[in-house]
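The values are calculated or read from the model by the stated rules, or taken from the named source; none is laboratory data. Keep in mind it's a predicted model, so treat the numbers as computed, not measured. Heads up, the Cβs are rebuilt from the backbone with ideal geometry, glycines too, and the neighbour counts pull from every protein chain shown. Accessible surface is based on the protein model in full, side chains and every heavy atom, while ligands, DNA and RNA are left aside. Shrake-Rupley method; radii C 1.70, N 1.55, O 1.52, S 1.80 Å.
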Amino acid sequence: MTSTAHKEPVAVVGIGQTKHVAARRDVSLAGLVREAARRALDDAELTWADIDAVVIGKAPDFFEGVMMPELYLADALGAVGKPMLRVHTAGSVGGSTALVASNLIAGRVHGTVLTLAFEKQSESNAMWGLSLPIPFQQPLLAGAGGFFAPHVRAYMRRTGAPDTVGSLVAYKDRRNALKNPYAHLHEHDITLEKVQSAPMLWDPIRYSETCPSSDGACAMILTDRAGAARAPRPPAWLHGGAMRSEPTLFAGKDFVSPQAGKDCAADVYRQAGIADPRREIDAVEMYVPFSWYEPMWLENLGFAAEGEGWKLTESGVTELDGDLPVNMSGGVLSTNPIGASGMIRFAEAALQVRGQAGEHQVDGARKVLGHAYGGGAQFFSMWLVGAEPPTS
């Protein structure tokens with residue numbers, strides 16, 4: 001997306017999620033995605049016949065061992081005889097999938113689009129799927145955490161952040177998850193002390209500071225201005241959306257604050273007319289699979305100056321009742337069906353501006369950012385949604 005001028009306004013009129021759990025053994029992949037899709041249709045008070053096209057996304061096929069699953073999922077999603085697109089950008093794919101769908105509306109290719117992302121991690125082993133030896137690249141060790149832990153340590157050295165900051169994020173997000181009925185982890189006995197005494201997995205990342213492995217799906221119904229006028233409830237309006245990528249490794253890459261993330265955020269803010277994100281954006285659903293990435297992304301996205309992100313976390317700014325709530329739903333730290341995790345961030349942002357987030361609703365939320373990243377911090381997708389239509 002480069003400009004909102006001369007584009008069809010895009011509205012989110014339906015949102016559906018499954019209850020995210022460790023293993024959904026009661027349904028197939030088809031049953032899982034259909035459950036989320038039906039809930040999104042019900043929210044929009046639409047039927048399969050109202051959908052013009054379907055855009056679907058998930059993490060790498062080898063995670064589950066089912067190649068090109070979109071082909072056999074077409075029937076479950078009412079897509080037989082309709083255009084169906086598959087998107088893949090690693091962990092950011094849920095966000096990228098929503099953006100591809102939104103462009104079909106903005107470009108007036110289709111009037112109403114169902115977009116959906118999913119993962120059934122119980123039928124895979126993502127830990128070892130992410131531990132493949134790749135020639136001429138550093139080993140990932142055991143899973144994604146082994147790759148990202150040195151970047152967290154680099155952030156700590158660069159900023160002087162105390163080693164307790166990660167536990168504050170995890171404690172916050174797990175408490176927020178208790179207010180979200182769809183969240184995977186509901187740890188009713190969670191305490192800060194339990195988080196800080198959890199086993200160390202990848203120094204400095206503790207067990208309680210990591211994301212779970214989840215089965216789940218998330219779906220949204222996107223439509224044009226005419227469709228929004230017929231919606232039974234106030235929609236969320238897309239004010240700006242963008243994707244950026246960069247290589248996993250290159251000379252001069254900043255693993256702590258990747259340039260692609262900065263560029264992606266700047267593009268979204270430009271489209272939405274945001275000059276000061278810290279003051280003009282009410283809340284953020286941020287992709288934080290390891291707790292330390294909250295302060296890191298606060299800086300990367302322009303909410304804090306370099307070296308200052310951890311201070312926002314430590315001072316309570318990102319709490320549910322803080323000045324800039326982050327991951328009101330519990331975030332990726334509480335729910336992680338990898339392919340859907342980015343779309344959940346986008347959908348939760350839309351729920352906030354629609355006033356439909358339930359117990360984790362931020363009072364008066366009018367503009368909320370949804371953020372996703374993937375791969376070796378190389379793929380980024382973001383959107384900003386608002387309660388009012390864009391002005392340009």
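Only one of (1) closer than 27 Å to Pro247 by Cβ; (2) β-branched (Val, Ile, Thr); (3) open to solvent by 60 Å² or more (accessible area, probe 1.4 Å) fails for Val100. Which number is that? It is condition (3) that Val100 fails.
So that you can scan it fast, the table gives a plain yes or no per residue for (1) in contact with a Phe, Trp or Tyr (Cβ under 6 Å, 6 or more places away or on another chain); (2) free of Cβ contacts under 8 Å to residues at least 60 places away in the same chain:
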site: Pro9; (1), (2): no, no
site: Lys19; (1), (2): yes, no
site: Ala22; (1), (2): no, no
site: Asp26; (1), (2): no, yes
site: Gly31; (1), (2): no, yes
site: Thr47; (1), (2): no, yes
site: Val55; (1), (2): no, no
site: Leu71; (1), (2): no, yes
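The set of residues in the stretch 6-59 being acidic (Asp, Glu) and in contact with a helix residue (DSSP H, G or I) (Cβ under 9 Å, 6 or more places away or on another chain) consists of Glu8, Asp50, Asp52. The condition of being within 21 Å of Gly166 (Cβ to Cβ) and assigned to a loop (DSSP other than H, G, I, E, B) holds for Gly331.
Conditions (1) among the β-branched types (Val, Ile, Thr); (2) in contact with an Asp or Glu (Cβ under 7 Å, 6 or more places away or on another chain); (3) at pLDDT 95 or above, marked per residue:
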position	(1), (2), (3)
Thr210	yes, no, yes
Ile221	yes, no, yes
Ala231	no, no, yes
Pro235	no, no, yes
Ala242	no, yes, yes
Ser257	no, yes, yes
Ala265	no, no, yes
Val268	yes, no, yes
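Before we move on, is Asp52 of a type outside the set (A, V, I, L, M, F, W, C), more than 22 Å from the chain's Cα centre (by Cα) and more than 19 Å from Ser28 (Cα to Cα)? Yes: the conditions hold for Asp52. Considering only residues in the stretch 179-212 that are touching a residue at least 60 places away in the same chain (Cβ under 8 Å) and open to solvent by 70 Å² or more (accessible area, probe 1.4 Å), the one that is nearest to Ala22 (Cα to Cα) turns out to be Tyr182.
Taking residues in the stretch 90-112 that are part of a loop (DSSP other than H, G, I, E, B), and partners anywhere that are among the hydroxyl-bearing types (Ser, Thr, Tyr), the pairs with Cβ atoms closer than 8 Å and at least 6 places apart or on different chains are Ser92/Tyr287; Ser92/Tyr373; Ser92/Ser381; Gly111/Thr223.
Regarding Gly78, is this residue outside any loop (DSSP other than H, G, I, E, B) and touching a Phe, Trp or Tyr at 6+ places or on another chain (Cβ under 7 Å)? If you could, list the steps in order and put the result at the bottom.
Numbers: outside any loop (DSSP other than H, G, I, E, B): no; touching a Phe, Trp or Tyr at 6+ places or on another chain (Cβ under 7 Å): yes.
When the stated conditions are applied, Gly78 does not pass them.
For the condition open to solvent by less than 10 Å² (accessible area, probe 1.4 Å), touching a Cys at 6+ places or on another chain (Cβ under 8 Å) and farther than 15 Å from Val66 by Cβ, Leu116 qualifies.
Considering only residues that are outside any loop (DSSP other than H, G, I, E, B) and among the charged types (D, E, K, R), look in the stretch 250-281 and name the one that is most open to solvent (accessible area, probe 1.4 Å). Ranking the candidates gives Arg279 first.
Here the stretch 7-25 is the region considered, the condition is being part of a loop (DSSP other than H, G, I, E, B) and within 16 Å of Thr223 (Cα to Cα), and the residue that is most open to solvent (accessible area, probe 1.4 Å) is Lys7.
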